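This report refers to the structure that appears directly beneath it.
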Amino acid sequence: MPLPKPSKNQKQSEFVSKCMGDPTMNKDFPEQKQRAAVCYSQFKRKAKASESLDWEDSADESFIIY
């Protein structure tokens, strides 16, 4: 099954709490430590992806040297 993904403005604590209680996550990752690692990893992956998108969106072409 697909892993849960945080919504756009969801806080880490909210996402991890929801992720830890997800029935599929509990079935796929019965050990709490492993499930927590996956949940935190999912949140960090989303945060990192949105940071790079924010940077690309705010890039000013006047700073590009041709």
LYS48-ASP22 FRET efficiency (beta carbon distance; Förster radius 25 Å; 0.05 resolution): 0.70
Just to confirm the filter: which trypsin sites (Lys or Arg not before Pro) across the stretch 1-52 are DSSP coil and have at most 15 other Cβ within 10 angstrom of their Cβ? LYS8, LYS11
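All of the numbers you see were taken from the coordinates with simple rules; none came from a lab. Please read all numbers here as calculations on a predicted model, not as lab measurements. When we count neighbours, we look across all protein chains shown, and the Cβ atoms used for this are built from the backbone with ideal geometry, even at glycine.
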